[in-house]
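Asker: Following this message is one structure expressed as structure tokens.
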Amino acid sequence: MESTRPCLFYEDEKEPQKTAEHILQKGLGTSWTLTEDVCHGCNTREFSARDGELVRFARRLNWNHPAIGGRFPFGNDLCLQFDPFAEAWITVRLDATATPIVFPQLIFMRTGQPVLIVQPESSPAKSRPLLEVIREELMGMHRLKVSTRAVPRPDADLAPLRPALIRSAPGVYVAQADHLDTAEQLAEFARAGKLSSQPLPDALPPARSLEPGEVHTRLHVNIKIGDVYRAAAKSAVNLLCAVVGPEIARHPAFDPVKQYVLQGDPEGDEGGGFVHGLWGMERQSDFVSALERGIAKPELHTLFLAKAAERPGVFFFLYGKPFAFVWLTKAALPSNLIPKLETLALFDFATKTHVVAAYRDSPLYCARPATR
């Protein structure tokens, strides 16, 4: 569809062709779109991959939701779980029931000596043959396949990730470290047979079984959180445009968040000062908890567009759970630009329909909890 309006995100874009841009990601079961505001280049080249990251992440966070039904669990993605007995991050995968499965792995501790980690249920009788198999594979250089994986530490308060050689299949390993050069060096040592002379220890299973609920709240090896944040910010801008209109949505006050959507944060802040993740928090703020009880329903995705201290923002509740909050500006808006803003967008992902209403006119208003 051709439109005379400039692209909502990239106003210098001369391309008149506009494509249907979903307000909330199509992969979440939605159909509401902007039809005349987003150019083909932004919709396809800029947004598609990041939208996919958000959809996958939301599904994984809510793997046990009836609408997902185990079809989109963590699956074969690698996750990390810290085990205090081994004093190391252990690489696991989650099966279709979200049960953690420990890969056999050699973790190189601070002393340089490797520690062998196996599945908690493994008995010493089973561990010893596996240890011998690993030693034989490390000596058989022509049969060894080693890829690399870098897992940056997202939080300085977390224990450091030790280099590890993870056995994913017979003769197939992943060299993992917090920096790619370290992972590549470990992979090269393994391919050259330099690890075969290491004194490999007896197998050391984790001290306790790993619980599904505590795995995904730490490190997500294959999720690009920065892309998830930018996709959420893009959806917040989309909602603003749909609710207040394309002219107001193109006001210069919203240019910084659009620049963040397109380019990220130049100082490396994944949220850019705009996006704050709300998932996996042990205790939500009283306000977020009240919103969750009042407007979030498990059969809906809920977006709540409102102002606080004259700054507009959007709360995201996906599959009925808090997901993110996005500020749309870094400063207060001119007082007459949007006099009042308190709008709910309710997405029924089963029927791919939506309802937009002023909060007090919405079907959920009566459910708002009393707050002091």
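Asker: Note down the net charge around P246, summing +1 for each Lys or Arg and -1 for each Asp or Glu among other residues with Cβ under 10 Å from its Cβ. Working shown, then result.
Answerer: Values: positive: R5, R250; negative: E36, D37, E247.
Summing Lys and Arg as +1 and Asp and Glu as -1 gives -1.
Asker: A further question on this structure: Figure the gain on full extension for Q17 and S147 (residue separation times 0.36 nm, minus the Cα-Cα span) and round it to one decimal in nm. The partial results should precede the final answer.
Answerer: Numbers: separation 130, 0.36 × 130 = 46.80 nm, distance 4.22 nm.
So the chain would gain 42.6 nm between Q17 and S147.
Asker: Here is a further query. Between T353 and S335, what is the label-point separation in nm under the 7 Å Cα-to-beta-carbon projection?
Answerer: The answer from the label model is 4.2 nm.
Asker: Quick one: if you stick a label point 7 Å off each Cα along the C-beta vector at D286 and F85, how many nm between them?
Answerer: Here the answer is 4.3 nm between the modelled labels.
Asker: Still on this structure, please answer the following. Any lysines with Cα under 17 Å of the K330 Cα? List them, leaving off those in the same chain fewer than 8 positions away.
Answerer: Of all the lysines, those that pass the test against K330 - Cα under 17 Å, at least 8 places apart if same chain - are K234, K258, K307.
Asker: Quick check: net charge around V237, other residues with Cβ under 11 Å of its Cβ, Lys/Arg +1 and Asp/Glu -1? Each step should come with its number before you reach the end.
Answerer: Numbers: positive: R230, K234, R250, K258; negative: E21, D37, D255.
Within the 11 Å Cβ shell, the charges total +1.
Asker: Let me ask another. For every other residue with a beta carbon closer than 10 angstrom to the beta carbon of R50, add +1 if it is Lys or Arg and -1 if Asp or Glu, then tell me the sum.
Answerer: Residues near R50 contribute -1 overall.
Read-outs throughout are calculated quantities, based only on the coordinates presented, and are distinct from any laboratory measurement. Please read these numbers as outputs of a predicted model, since none were measured by experiment. Please note: Cβ atoms are built from the backbone with ideal geometry, for glycine as well, and neighbour counts cover all protein chains shown.
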